[in-house]
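Below: one structure, written as structure tokens.
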Amino acid sequence: MHLFRRGLLFLALLTYPSEAFAAAPKNFSELAEMVVRLIDTATGVLIVLGFVVYFWGISENILKFEDDPEKRKAYFFWGLLVLFVMVSIWGIIGLLENTLFGSSSFGV
């Protein structure tokens, strides 16, 4: 578990080095903006990871479709539903950012 935490910290520092070495926020607006940017970046990474896992699962299961077609259909349906929810969360974060700060720093 300790190795996992180190890997997660390394990934966070690699993904967002300007936040890792930036000065502490001076007011609530800067803190909120920093948190929103971190969540937005993490959400983007999770969405890409979700698409990769979904299409990898499809490539693994498409040839076995005749074994249990109902199970495969459910897998495809729930995968699409999860991807839709993840993209929706990204849109909600963009809406929150537009509401709090007036404009989006990422163009979402």
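Throughout, read-outs are computed from the coordinates displayed, never taken from laboratory work. Computed from a predicted model, the values in this text were never measured in an experiment. Cβ placement follows ideal geometry from the backbone for every residue including glycine, while neighbour counts extend to all protein chains displayed.
Worth pointing out:
- For the range 26-101, the dipole from Cβ point charges (+1 on Lys and Arg, -1 on Asp and Glu) about the Cα centre works out to 40 debye, to the nearest 20.
- Straight-line cross-link reach from Lys73 at under 20 Å between alpha-carbon atoms covers these aspartates and glutamates, not counting any fewer than eight positions away in the same chain: Glu60.
- Each residue of the range 73-81 was assigned a 3J(HN,Hα) from its phi angle through the Karplus expression (A = 6.51, B = -1.76, C = 1.60, θ = phi - 60°), giving 4, 5, 4, 5, 4, 5, x, 5, 5 Hz with x at Gly and Pro.
- The label point for Val52 and the one for Asp67, both projected 7 Å from the Cα toward the Cβ, are 2.4 nm apart.
- For Trp78, Trp90, order by how many other beta-carbon atoms lie within 10 Å, fewest first: Trp78, Trp90
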